[in-house]
Amino acid sequence: ATRVLAGSFYKLGDQIRIDARMEDAKSGKILLGEKVIGSDLTTLVDSLTQKIALALNVNKLMTGNKGVASITSSSPEAYKYYILGMEKFGLDTEKAIKYFEKAIEIDSTFALPYMRLGMAYAFKSRNQEAARYFVQAHKYADKLPIKERTLLDIYSDIWLRQEFDNAFAKTTSFLTNYPDDKETRGYYALMLNTLKRDPQAALAQLDTVLMIDPNFYPALSWYADIYLGMEEYDKAVEYAVRAKNANPDTPGPMLDLLRIYYRLSRFDEVEKLGNEILERFPDNMTAKNTLISSYNIRHEFDKARKILELVRKYHSDDKYAMISYYSDLANLKFWEGKFHAGMDNRFEALNIALSLGDSSWINGGYTSIAYFYRKFGMLDSALVYSKESYKWATGFGALNHALNLVRIDQSQEEEARRIMKKELRDFRGKLPEELWYIADNLEGLFEGYCKADTNLLIKALQKFIAESDQKSSGDMLELGTLLVEKGRFKEGREALEKLLTGEYETPNAFRQLQDAYYLGRACEGLGDIQEAKSYYETVLKYWGNADIQLKEIVDTKRRLRKLTS
């Protein structure tokens, strides 16, 4: 550089003064000095820009230059609330949302807070709301500078259009032009980890981010996520604690650490930290959900109910929170064997989702009801609700629908195959080749269900679980179940025992107790009679007087009588 622009600003009552000076970089000589005084910040900046351009004799080159107000907001107050929202973005999502909403309440044409609201609601899995805000951001995108307009396009590819391959290519190009943008480099690291399955490259990008800003919270959080996926748990905890210490007055880093403790089955620490979060942030929903799940895993149902009542106390006017409330209430009823009451709660959750009109949550409601009807052996009802769920399927949710159709009724193969073919084509079109293995594995599962070939299904599930980044207790339970049904008791027991602790552990009553039933059968098949009896007694402890006699309950009673006679 040969010349450097420097300056300062002062606030004098309602007036603001901005001083600017141009220095020769080599000698330090002042080449020009300008100042502006007034109360309208955007006007002052535009005025100072014109003065400096005139002094440099470049004003003719700036005839197409837009003023600050035209590329941000005409209201300094709206811009102030946007900046306040960005300070809380990620650290305290609820506060950030309130600031962004205040910004657009003052200036309804301000595109940036719309974009950030879209991202915030996407993080909360409220995709319908997220989409609405992204659409509004695009409506006013012509007011954005080119950098922010490009970011809006990238973020829309991710959270609005789910065009992940495009998002990756655009982000790579963006960082060529803006190498010091720490937020985008952080998202690029996430893409490398999730889309390209290259955690080491992702960590290298985050190293660069921390060189720019050593306490940048999203990067510290993403380090923890990546190390968690790599099963380097001490490192994951280290970065989560580092983020927490750097941001002691916000819930975000505490929730990261809470999630890691939960994943590691460190439930005493989950309880301690979860209650600490609620003491400081009593309206935090994530901490409540984590505590409820933790207590259910440990069968501390009275504690789970107390936290559940806090959900009703603090969130009764939040329909999304109440969907969670009724879903958790249903699970507690299922633990008691009160299946009819539990299904009533499930329908209450679905009705709230329908009142919201949020397709992803409606799809989830119908899918869960179909799942439970399948577990009850009510296959006609399961099929009806599964087909209803497809009407609301978003993203790649329809892939699950195709699998569920043939799980419920093999005669649905023709319709399911048509859906599967279409959705797999869309999947491969939107995601990089590094993730096509997911589509291949889903095809393998689908063929196994269509042919009712247990051996084929076992192989497909083993491959799917081995290659998946997601730890699904449902997949592991299904694998263990099939192995036991085939008489492969040792392998089945090994699979099913993974649901008892660690990353596959689940608060779901159906999965835990069905796991106990099949573990009983595996132990019985291996000759471990006392162990088998213990598992069967666990099933009957909770489901001995169930109001629907599932086939597993009937068989458990029969087997236990035989073993104790």
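The values are calculated or read from the model by the stated rules, or taken from the named source; none is laboratory data. Since the model is a prediction, treat every value here as computed from it, not as a measurement. Here the Cβ is made from the backbone with ideal geometry for all residues, glycine too, and neighbour counts use every protein chain on show. Only protein heavy atoms, including side chains, enter the accessible area calculation; ligands, DNA and RNA are left aside. Shrake-Rupley method; radii C 1.70, N 1.55, O 1.52, S 1.80 Å.
A quick yes/no check of all residues on (1) open to solvent by 50 Å² or more (accessible area, probe 1.4 Å); (2) in a helix (DSSP H, G or I); (3) of a type in the set (Ser, Thr, Tyr):
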| position | (1), (2), (3) |
| --- | --- |
| Thr506 | no, no, yes |
| Phe510 | no, yes, no |
| Leu513 | no, yes, no |
| Tyr517 | no, yes, yes |
| Arg521 | no, yes, no |
| Gly525 | no, yes, no |
| Tyr535 | no, yes, yes |
| Val539 | no, yes, no |
| Tyr542 | no, yes, yes |
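Within region 436-472, the residues that satisfy the criterion of being among the aromatic types (Phe, Trp, Tyr) and either over 20 Å from Gly395 (Cβ atoms) or open to solvent by less than 30 Å² (accessible area, probe 1.4 Å) (or both) are Phe446, Tyr449.
I'd like the residue in region 129-138 that is over 21 Å from Ala321 (Cα atoms) and touching a Phe, Trp or Tyr at 6+ places or on another chain (Cβ under 6 Å) and, out of all such residues, is least open to solvent (accessible area, probe 1.4 Å).
Checked region 129-138; the qualifying residue least open to solvent (accessible area, probe 1.4 Å) is Ala137.
The single condition among (1) at pLDDT below 95; (2) open to solvent by 60 Å² or more (accessible area, probe 1.4 Å) that Thr250 does not satisfy is (2).
Considering region 544-561, and only residues there that are open to solvent by 30 Å² or more (accessible area, probe 1.4 Å) and not charged (D, E, K, R), the residue that is farthest from Lys338 (Cα to Cα) turns out to be Val554. If you go through region 139-177, how many residues are among the hydroxyl-bearing types (Ser, Thr, Tyr) and surrounded by fewer than 17 Cβ atoms within 10 Å (Cβ to Cβ)? Of the residues in that region, 3 qualify.
If you go through region 481-504 and pick out every residue that is open to solvent by less than 50 Å² (accessible area, probe 1.4 Å), closer than 30 Å to Arg266 by Cα and not in a helix (DSSP H, G or I), you end up with 1.
The set of residues from region 284-306 being surrounded by fewer than 22 Cβ atoms within 10 Å (Cβ to Cβ) and of a type in the set (Lys, Arg) comprises Arg298, Lys303, Arg305, Lys306.
Filtering region 323-381 to residues that are under 21 Å from the mean Cα position of the chain (by Cα) and aromatic (Phe, Trp, Tyr) leaves Tyr325, Tyr326, Trp361, Tyr366.
Scanning region 321-342 for residues that are part of a helix (DSSP H, G or I), of a type outside the set (S, T, N, Q) and open to solvent by 20 Å² or more (accessible area, probe 1.4 Å) returns Tyr326, Asp328, Leu329, Lys333, His340, Ala341.
For region 1-58, a residue qualifies if it is closer than 21 Å to Glu77 by Cα, open to solvent by 50 Å² or more (accessible area, probe 1.4 Å) and either aromatic (Phe, Trp, Tyr) or in a strand (DSSP E or B) (or both), and the qualifying residues are Phe9, Tyr10, Lys11, Leu12, Gln15, Arg17, Ile37. When Ala341 is tested against (1) closer than 24 Å to Glu279 by Cβ; (2) among the hydrophobic types (A, V, I, L, M, F, W, C); (3) out of contact with any His (no Cβ under 8 Å at 6 or more places or on another chain), only condition (1) is not met. Of everything in region 202-225 that is surrounded by 15 or more Cβ atoms within 10 Å (Cβ to Cβ) and of a type in the set (Gly, Ala, Ser), the residue that is nearest to Ala167 (Cα to Cα) is Ala202.
Would you check which residues across region 371-403 are polar (S, T, N, Q) and open to solvent by less than 50 Å² (accessible area, probe 1.4 Å) and list them?
Matches in region 371-403: Ser381, Ser386, Ser389.
Restricting the first member to region 118-131 and to residues that are within 15 Å of Lys98 (Cβ to Cβ), and the second to residues that are acidic (Asp, Glu) and part of a helix (DSSP H, G or I), the beta-carbon pairs closer than 7 Å and six or more apart or on different chains are Tyr121/Glu129. In summary, Thr564 fulfils each of the numbered conditions (1) open to solvent by 20 Å² or more (accessible area, probe 1.4 Å); (2) closer than 24 Å to Asn441 by Cα; (3) modelled with pLDDT under 95 with the single exception of condition (2).
Are any residues in region 307-320 outside any helix (DSSP H, G or I) and either open to solvent by less than 50 Å² (accessible area, probe 1.4 Å) or touching a strand residue (DSSP E or B) at 6+ places or on another chain (Cβ under 7 Å) (or both), and if so, which ones? Of everything in region 307-320, just one residue is outside any helix (DSSP H, G or I) and either open to solvent by less than 50 Å² (accessible area, probe 1.4 Å) or touching a strand residue (DSSP E or B) at 6+ places or on another chain (Cβ under 7 Å) (or both), namely Asp318. Restricting attention to region 113-128, the residues that are surrounded by fewer than 19 Cβ atoms within 10 Å (Cβ to Cβ), in a helix (DSSP H, G or I) and modelled with pLDDT of 90 or more add up to 1. Within region 409-452, the set of residues being within 22 Å of the chain's Cα centre (by Cα) and part of a helix (DSSP H, G or I) comprises Glu423, Asp426, Phe427, Arg428, Lys430, Glu434, Leu435, Trp436, Tyr437, Ile438, Ala439, Leu442.
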